[in-house]
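Before any comments, here is the structure.
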Amino acid sequence: MDFKEIIEKYNYDSALAEFLEQVYNELINYFGEEQRTIIHEAFLNCPIVNENCYTALKSRGFLDNISGKSLVNDGDLKRASGVYASNPQIIYNSNTNSYEILEVKRVVAISDLKLNYEYIRAAIIHEIAHLVKGYYGEYSINGNILTEKCGLIERKYELSSDGGNVLKTNISETGVGLEEGLNSMVEEDIARKIINPEYKVSGYGTVTLVARQFTEIDDSLIKVIMAQFYKDKSELYETFGDDYYKLEEVVDKMYEYSLAQFAALFDSQKMRAISDEFNSYIINEYIPLMKKLKENSRKMG
């Protein structure tokens, strides 16, 4: 597995190629040598492009034939520095009365790929971390339900066919906030090695803090949580029971507040209102839950 084949496939310029190879090696160091094959395949089968995030997904058809509510909307994509996205090519087989995945297309889009900016290099790390954690077993179909998994994120879509196209309706989405926090930990830790020793995540600061607090509950948790290459949450459920489901729900709401704050960046009155509501939610919902998780962990220990 030679990194040169990745550079040659996408014809990355020398500066980007050098930085991507650093990220590649640090991801292997971070997640372990046993994940090298998945990481290599992920890099090899996903281009990194210099395009506005919304435009990149729209032009490639990634946003077509999807309905239903999602935590991340078109406006969030238009404002984003970077995004990782995938799109399964699905057909309906009338002979077997079943849906089949033909292939999965992927892209990492960076809205302004200027490597002299620290936040751009950090965005690349963040989105590639999503890519490698989502790559293995990202999609599965059971009947007319498509399940998408990326790290701790789990999305479910109801599939239907209009005769020519397969339509996807988003019916559930969980684990986004906690996964964004965990992924931001990866971004922060790797950025401190190859960008700036003092680097700190800014956009997802609150959910990153939550992720660090969660992983610090028990030293044995970190590998289980961070190495979600195989999409297995069983140890988390066994350790925390229904409280883990509650944590995902609470942190998803916190993530939603973070997105709302970013959207209101230039409206001070709206920003204050969102921040006050967010702080109240942290005090009343998150802090008591985290206290309970820590107490139950000590009892089990």
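The values are calculated or read from the model by the stated rules, or taken from the named source; none is laboratory data. This is a predicted model, so every value here is computed, not measured. Virtual Cβ from ideal backbone geometry, glycine too; neighbours counted across all protein chains shown. The area values use the complete protein model at the heavy-atom level, side chains included, leaving out ligands, DNA and RNA. Shrake-Rupley method; radii C 1.70, N 1.55, O 1.52, S 1.80 Å.
Brief remarks on what is shown
- Here Ala260, Ala264 are screened, and the one residue that is in contact with a Lys or Arg (Cβ under 6 Å, 6 or more places away or on another chain), at negative phi and free of Cβ contacts under 8 Å to residues at least 40 places away in the same chain is Ala264.
- Restricting attention to segment 191-243, the residues that are of a type outside the set (Asp, Glu), assigned to a loop (DSSP other than H, G, I, E, B) and over 30 Å from Leu265 (Cβ atoms) total 6.
- Checking Pro47 against (1) closer than 30 Å to Ile90 by Cβ; (2) open to solvent by less than 70 Å² (accessible area, probe 1.4 Å); (3) free of Cβ contacts under 8 Å to residues at least 40 places away in the same chain, the condition it does not meet: (3)
- When segment 58-95 is limited to residues that are closer than 18 Å to Ser184 by Cβ, in a loop (DSSP other than H, G, I, E, B) and among the aliphatic types (A, V, I, L, M), the one that is most open to solvent (accessible area, probe 1.4 Å) turns out to be Val72.
- Residues in segment 112-155 that are over 24 Å from Thr55 (Cα atoms) and assigned to a strand (DSSP E or B): Ser140, Ile141, Asn142, Ile145, Leu146, Thr147, Glu154.
- Checking each residue in segment 158-191 for being touching an Asp or Glu at 6+ places or on another chain (Cβ under 7 Å) and closer than 25 Å to Ile38 by Cβ picks out Thr174, Gly175, Val176, Gly177, Leu178, Ile190.
- Note on segment 207-244: residues that are in contact (Cβ under 8 Å) with a residue 12 or more places away in the chain, open to solvent by 10 Å² or more (accessible area, probe 1.4 Å) and of a type in the set (Ser, Thr, Tyr) total 3.
- Inside segment 156-170, residues that are of a type outside the set (A, V, I, L, M) and in a strand (DSSP E or B) make up a count of 8.
- Looking only at residues of segment 173-205 that are in contact with a Phe, Trp or Tyr (Cβ under 9 Å, 6 or more places away or on another chain) and among the small types (Gly, Ala, Ser), we find that the one that is nearest to Lys246 (Cα to Cα) is Gly177.
- The condition of being open to solvent by 20 Å² or more (accessible area, probe 1.4 Å), within 18 Å of Ile48 (Cα to Cα) and over 20 Å from the mean Cα position of the chain (by Cα) does not hold for Lys105.
- Filter result for the condition that a residue is open to solvent by 40 Å² or more (accessible area, probe 1.4 Å) and among the acidic types (Asp, Glu), over Glu154, Glu187, Glu173: Glu154
- Some residue of segment 19-31 being at pLDDT 95 or above, in contact with a Leu (Cβ under 8 Å, 6 or more places away or on another chain) and farther than 17 Å from Ile194 by Cβ: no
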